[in-house]
Amino acid sequence: MRETLLDVFTAVDADYADIRYEENKKTVISYEGRELRKIASYTTSGGHLRAYADGGKAISSFTDLKRAGSIAQASIASAKLIAKHRDKQLQLADAPVVTGTFLLSPKKDPRTLSLKEKKELLAHYNTIILAEPKVITTVCEYDEFYSHRTFVNTDGTAVEYELLIVNIAGLIVVKEADLVQQVRFAFGGNDDYSKLLNREEDLEKRIARACELLGAEPAKAGVYPVVLDPDEASVFIHEAFGHLSEADGLQNNPSFREKLQMGTVLGNPVLNVSDDPHLLDYPGGYLIDDEGVRGCRTRLIKEGVLTGRLHSRETAAEFGEPLSGNMRAVDAHFTPIIRMSNIFIDPGESSFEEMVASIDDGYYLVGAKGGQTSGDQFSFGAQWGYRIVNGRLGSMVRDINMSGELFSTLQAITMVGNDLLFSERGGCGKGGGGPMQLNRKSGKGAPHIKVDTVTIGGTE
Amino acid sequence: MTDLIKLATSQVDQAELYWHREHKIDVRYENYTLQRISENDLSSAALRVIDKRRIGLSCGIAPDRAEFLEEAKAAAQYGGKAGFSFSTTRKFPIVTAYDDNTAAQTSQELVLLCEAVKERIARARPDIALLIQCQASTEQITVETTDGAFGDHRFTKLALSFGAPIKGAGIGVYKHKTSISPFGAPEELVEEFLEWYGWTEQASTPRTGRLPVILAPEASLLLTLPLCAGLSGEAIVKKTSPLTKRVGETILSDKLTIIDDLLRPGDPQSRPFDDEGVPCQTLVLVENGLLRTYLLDLHSAAKLKKASTGNGFKRSLFASGTEVPPRPWPGHLVIKPGQTPYREMIAALEEGILLTGGMGFHSGNYTQGVFAVQALGFHIVDGKVRGRLDRTMVAGTIYQDLLDIRALSKEQRESPGGLAPYILVDSLQVAGARKR
């Protein structure tokens, strides 16, 4: 394949070009309640080409490899058209030429197991959930994604590499009278099938939480101090700060570039944040990105001070900062964009009990329930929570959404726990100027943290 | 008949092929500068088979892939019980959604449209980081079954978006226009953008408490997302919907009539058939506040012993595309307009909110009609816009709070997934300035 792709470049008049070709295999099995709604195992393929010419850039996705040559020519023409409309040429930072093959060796490889075996494991967990009388339905999904990618560029980089991630995840939906509540669960998050096995006890705990939620009161609207559990804190750092550490979001946004210069004090000295694709046990792990650059750990915040940023070759050149190896595409339909790998808040020194004891009137919020960010504004939900009154955990609360502004909220993080935990399921949606890319291979971790001020929405 | 369907006829009880082809050119400006041109030429296909009453799915890039049928058969071997049959229909409503001029658009022509928008806005606001995106696409969807259904639909779309982040804040003001045919710089939309952007110069936080809220068309998701989750035949089958057994009852204000109109001439969202080859229609979902019907695909219709409403689409809130199995989902939601000019709505408010968007729609208990979002929009005081909302959340339950609607605007604009007027809601719970 490498030779086939390199042939495309023979008649190319470009400053730089690259092609990524993929063969992807997916297995998806899904129960909804007692019903098996989806079972599929299939293969897709396709390519993506990027061309830089005269300081302009054009990209193209295609499914017919035979057309790659003509697509390359059309892309170069488009890149030259762009160049005519630009005062400043786009440039790429120099990157080491990489050649070789980067293959995975999972402890228990899901690709070697039968569809029947995977279905039976999923059915087993689904049956456990359905045994609880308050459960009215479930979503129980097995998701396995394998990608074999070949990447070549005109600099001489030519690599083959693999991605593999397997998960079981879903929803437990319970009902009492007219009240319906749901709690999420997820196992897995890397290439090892054995992480999906023997998780009955974890599932039982989640079922119990869902049932407890039926007796919880809605959160009350207002501004409060909160303690976030590791899952919720990791969503906060991913959504609120992580996306602003992706340089493509700042590249053409002058006011944010100004606000996020290296050395800016963003938080208290207790706050340290890193991104690390080499943590291969977690969902965002990989060895090489989709721009042919090796991934590396980036210290984003050190003792409250901005010290690093996530880059493509293009943004690294523009910002004059080091490469980080964070350019990734979900599949061949998409161009690579800058994505967090495994972002996490480094552990601090506080205990959970100390954080709760420091709050007179607030909330303890548990379990991520999705989030959204726009620049420095963020909003995300919690699966459940507890009132904190006079330094003690109180009654359970439900229907919790919080929002805020990044810079003031980072400053409001005053305690960081000593109990770093990574979520087993990642996932992140980002458009990056193109269609939304939902990336399975995005990890996040955090210890418990205390935030002094958060706005909580509620119906009362 | 494609070779794949011919082959499937002799090997499985039923088969359904969905084949999507797309050619798209996309031009993007950032901070007034042409940043990127992309051109995609993609094909994808999905094959569902029912064999021995069990269903399986396979996907690929085109129907001619050798393993296609074998993979679907293997999946069906362990698959769930089908409970329904694939479509048999070959006759569909006539829908006009294709324009040769859009299909022939070049990247140069899209650049010219963007340049016209850029020059117009640059004259008024050279100080902002203007973003423009323009896409011209031609798509073709073919659905064919072993039971005789065959549908082939080609449509074009020209989509223009422009806007800018607010200086010093993460959010921005953005405007959108779509059509099946080429158009010039949309002057009215540019004017509205400039007015709204001007309103963002000041930040303002309303008091915590119940306040009247005007939902702009851009924020209609606050209503339509929970509503569609509740109207989904799947939620009715699972009994998780708060609208179960409520057809004929009042669920929203009597001022609201909501239609899923997939047959609007000249609309890129219009479709003669859904992704299961079932004819689409103009479907009244809510009429003067009364619930009229649910959204049904083949699966949920069979469970409820009804006919599909032609709403089996390969999309949902979190996913879309060929690999996604069809689910009940609206195609083009139209909220009927009222009589009130929207500026009169603003002028009538002592204190209130003009909500133009929200963050976190999906993180609340939206399937039950509950929302709690970070409010994007404007704070209104004494009938005038005081500034953009800052540190504000809006929360409620559509089946309670949207029973009381004061007025609908006479203006009807593009909204996420359809058309909507401005909707003046009597009051919603607002979390703003500290009140404790």
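The values are calculated or read from the model by the stated rules, or taken from the named source; none is laboratory data. Everything numeric here is computed off the predicted structure, so don't read it as measured data. Using ideal geometry, Cβ is built from the backbone for each residue, glycine included, and neighbour counts are taken over all protein chains shown.
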Every listed condition ((1) among the aliphatic types (A, V, I, L, M); (2) more than 8 Å from chain A (Cβ to nearest Cβ); (3) more than 27 Å from A:PRO435 (Cβ to Cβ)) holds for B:ALA74 save (2)
Against the conditions (1) closer than 20 Å to B:LEU42 by Cβ; (2) in contact (Cβ under 8 Å) with a residue 40 or more places away in the chain; (3) touching a Gly at 6+ places or on another chain (Cβ under 9 Å), where does A:ASP15 fall short? Just the number, please. (1)
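Give region B:280-318 a look and list any residue that's aromatic (Phe, Trp, Tyr) and either within 14 Å of B:GLY230 (Cα to Cα) or modelled with pLDDT under 95 (or both), or say none.
So in region B:280-318, the residues aromatic (Phe, Trp, Tyr) come out as B:294, B:313, B:318.
Result: B:TYR294, B:PHE318.
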Are any residues in region A:419-445 closer than 13 Å to A:ALA233 by Cα and in a loop (DSSP other than H, G, I, E, B), and if so, which ones? A:ASP419, A:LEU420, A:SER423
Tally up the residues in region A:272-311 that are within 26 Å of A:GLU22 (Cβ to Cβ), among the aliphatic types (A, V, I, L, M) and touching a strand residue (DSSP E or B) at 6+ places or on another chain (Cβ under 6 Å), please. 4
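I need the full set of residues from region B:275-316 which are assigned to a loop (DSSP other than H, G, I, E, B), buried (at least 21 other Cβ atoms within 10 Å of the Cβ) and over 15 Å from the mean Cα position of the chain (by Cα), in order please. Walk me through how you get there before you give the answer.
If we filter region B:275-316 for residues that are assigned to a loop (DSSP other than H, G, I, E, B), which is where we start, we get B:275-278, B:280-281, B:288-289, B:292-294, B:296-297, B:304-311, B:314, B:316.
Imposing the further condition that a residue be buried (at least 21 other Cβ atoms within 10 Å of the Cβ) reduces the set to B:275-278, B:280, B:294, B:296-297, B:308-311, B:314.
The answer is B:ASP275, B:GLU276, B:GLY277, B:VAL278, B:CYS280, B:TYR294, B:LEU296, B:ASP297, B:SER308, B:THR309, B:GLY310.
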Could you list, in sequence order, the residues of region A:163-198 that are among the polar types (S, T, N, Q), in contact (Cβ under 8 Å) with a residue 40 or more places away in the chain and away from every other protein chain (no Cβ under 12 Å)? A:ASN167, A:ASN190, A:SER194
Restricting to region B:292-344, give me the number of residues that are β-branched (Val, Ile, Thr) and farther than 30 Å from B:ILE380 by Cβ. 4
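Given the criterion surrounded by fewer than 21 Cβ atoms within 10 Å (Cβ to Cβ) and free of Cβ contacts under 8 Å to residues at least 40 places away in the same chain, identify the matching residue among B:ALA104, B:ALA62. Outline the logic, then answer.
Numbers: B:ALA62 fails: free of Cβ contacts under 8 Å to residues at least 40 places away in the same chain.
Exactly one of B:ALA104, B:ALA62 is surrounded by fewer than 21 Cβ atoms within 10 Å (Cβ to Cβ) and free of Cβ contacts under 8 Å to residues at least 40 places away in the same chain, namely B:ALA104.
Please work out if B:GLU201 is surrounded by fewer than 21 Cβ atoms within 10 Å (Cβ to Cβ), within 30 Å of B:ALA136 (Cβ to Cβ) and either touching a residue at least 60 places away in the same chain (Cβ under 8 Å) or of a type in the set (Asp, Glu) (or both). Explain how you work it out, then say what you get.
Details: surrounded by fewer than 21 Cβ atoms within 10 Å (Cβ to Cβ): yes; within 30 Å of B:ALA136 (Cβ to Cβ): no; either touching a residue at least 60 places away in the same chain (Cβ under 8 Å) or of a type in the set (Asp, Glu) (or both): yes.
When the stated conditions are applied, B:GLU201 does not pass them.
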List the helices (runs of 4 or more DSSP H) that sit entirely inside region B:179-272 and contain at least 2 residues that are touching a Pro at 6+ places or on another chain (Cβ under 7 Å), within 14 Å of chain A (Cβ to nearest Cβ) and not aliphatic (A, V, I, L, M). B:233-238
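Might you check whether a residue that is among the polar types (S, T, N, Q) and crowded, with 17+ Cβ neighbours inside 10 Å occurs anywhere in region A:86-101? Talk me through it step by step, then tell me what you get.
Initial filter on region A:86-101 (among the polar types (S, T, N, Q)): A:89, A:91, A:99, A:101.
Still in the running and crowded, with 17+ Cβ neighbours inside 10 Å: none.
No, region A:86-101 has no match at all.
Touching a His at 6+ places or on another chain (Cβ under 7 Å) and closer than 22 Å to B:SER415 by Cα, is that true of B:SER161?
Working: touching a His at 6+ places or on another chain (Cβ under 7 Å): yes; closer than 22 Å to B:SER415 by Cα: yes.
So B:SER161 fits the description; yes.
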Within region A:281-290, does at least one residue satisfy the condition of being buried (at least 24 other Cβ atoms within 10 Å of the Cβ) and touching an Asp or Glu at 6+ places or on another chain (Cβ under 7 Å)? no
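Just for helices (runs of 4 or more DSSP H) wholly inside region A:194-292: which have at least 1 residues that are at pLDDT 95 or above? Reasoning before the result, please.
Numbers: elements: A:200-213, A:230-236, A:254-259.
Helices (runs of 4 or more DSSP H) meeting the threshold: A:200-213, A:230-236.
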Checked region A:220-272 for anything away from chain B (no Cβ under 14 Å), over 30 Å from A:ILE359 (Cα atoms) and either of a type outside the set (S, T, N, Q) or under 23 Å from the mean Cα position of the chain (by Cα) (or both); matches are A:MET262, A:GLY263
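Quick check on region A:445-455. Is at least one of its residues within 17 Å of the chain's Cα centre (by Cα) and more than 10 Å from every other protein chain (Cβ to nearest Cβ)?
yes
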Report whether or not A:THR455 is in a strand (DSSP E or B), crowded, with 23+ Cβ neighbours inside 10 Å, in contact with a strand residue (DSSP E or B) (Cβ under 7 Å, 6 or more places away or on another chain) and not aliphatic (A, V, I, L, M). yes
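I'd like to check which strands (runs of 3 or more DSSP E) are fully inside region B:324-432 and have at least 2 residues that are facing another protein chain (nearest Cβ under 8 Å) and closer than 30 Å to B:LEU263 by Cβ.
Working: elements: B:333-335, B:351-359, B:370-381, B:384-389, B:393-397, B:405-415, B:418-431.
Because the criterion is at least 2 residues that are facing another protein chain (nearest Cβ under 8 Å) and closer than 30 Å to B:LEU263 by Cβ, no strands (runs of 3 or more DSSP E) in region B:324-432 meet it.
Hand me the list of strands (runs of 3 or more DSSP E) wholly inside region A:1-111 holding 1 or more residues that are away from chain B (no Cβ under 14 Å) and not aromatic (Phe, Trp, Tyr).
Values: elements: A:16-32, A:35-53, A:56-62, A:99-102.
So the answer is A:16-32, A:99-102.
Would you say B:GLN429 is polar (S, T, N, Q), surrounded by fewer than 20 Cβ atoms within 10 Å (Cβ to Cβ) and at pLDDT 90 or above? Even if it seems obvious, please write down each step before you answer.
On the way: polar (S, T, N, Q): yes; surrounded by fewer than 20 Cβ atoms within 10 Å (Cβ to Cβ): no; at pLDDT 90 or above: yes.
Considered against the rule, which asks whether it is polar (S, T, N, Q), surrounded by fewer than 20 Cβ atoms within 10 Å (Cβ to Cβ) and at pLDDT 90 or above, B:GLN429 comes out as no.
Just to verify a result, which residue in region A:363-412, among those that are among the basic types (Lys, Arg) and surrounded by fewer than 24 Cβ atoms within 10 Å (Cβ to Cβ), is nearest to B:ALA164 (Cα to Cα)?
Filtering region A:363-412 down to residues among the basic types (Lys, Arg) leaves A:369, A:387, A:392, A:398.
Narrowing the set further to residues that are surrounded by fewer than 24 Cβ atoms within 10 Å (Cβ to Cβ) leaves A:387, A:392, A:398.
On the way: A:ARG387: 39, A:ARG392: 45, A:ARG398: 36 Å.
Among those residues, the one meeting the criterion is A:ARG398.
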